[in-house]
Amino acid sequence: MNITLELPSELERELANEASQLNLPLAEYILRVLSFRPFLQNPPKTGVELVTYWESIGVVSSRPDITDSQEHARRLRDQAEHRELA
């Protein structure tokens, strides 16, 4: 389905800026924002519901390169603790 929509200039700039920060085309970013609507209308109320939601949108298991999550977290924490400030 194709829909043509006239956006106010300010809203278009905001959406375009957000899309570019995520390296997404504007149309794809807007589609993601619109598909997120059901989550906002009925947000998860428990941890189980949140994990179920994350699984449904592909967040869980989205990093197959991380085989040991605890080790990965330790490495990230160590990097943060030892980074040099400019």
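The values are calculated or read from the model by the stated rules, or taken from the named source; none is laboratory data. Worth saying up front: this structure is predicted, and the values here are computed from it rather than measured. Every residue, glycine among them, receives a Cβ derived from its backbone with ideal geometry; neighbour counts consider all protein chains shown. Surface accessibility is based on the protein's heavy atoms, side chains included, excluding ligands, DNA and RNA. Shrake-Rupley method; radii C 1.70, N 1.55, O 1.52, S 1.80 Å.
In table form, for the structure just shown:
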| item | result |
| --- | --- |
| Along the chain, longest interval not containing exposed trypsin sites (Lys or Arg not before Pro), exposed being DSSP loop plus at most 11 other Cβ atoms within 10 Å | 1-44 |
| Accessible surface of the range 1-74 [probe 1.4 Å, protein heavy atoms]: carbon and sulfur percent | 57 |
| Net length gained if the chain between Ala80 and Leu7 were fully extended (0.36 nm per residue, minus Cα distance) | 22.2 nm |
| Dimensions (Å) - the chain, Cα atoms, principal axes, largest first | 48, 40, 23 |
| Area accessible to solvent at Tyr29, 1.4 Å probe radius, in Å² | 30 |
| Proximal charge balance of Leu22 [Cβ under 11 Å; K/R count +1, D/E count -1] | -1 |
| Assigned charges on the beta-carbon of Lys, Arg, Asp, Glu; the chain dipole about Cα centre (debye) | 220 |
| Positive minus negative residues near Arg77 (Lys, Arg vs Asp, Glu; Cβ under 15 Å) | -1 |
| Length added when fully stretched, Glu55-Arg37, from 0.36 nm per residue minus Cα-Cα | 4.8 nm |
| Calculated FRET efficiency for the pair Ile66/Leu24, C-beta based, R₀ 25 Å, to 0.05 | 0.65 |
| Low-density loop cleavage sites - GluC sites (Glu not before Pro) in the range 1-53, where at most 11 other Cβ are within 10 Å (DSSP) | Glu6 |
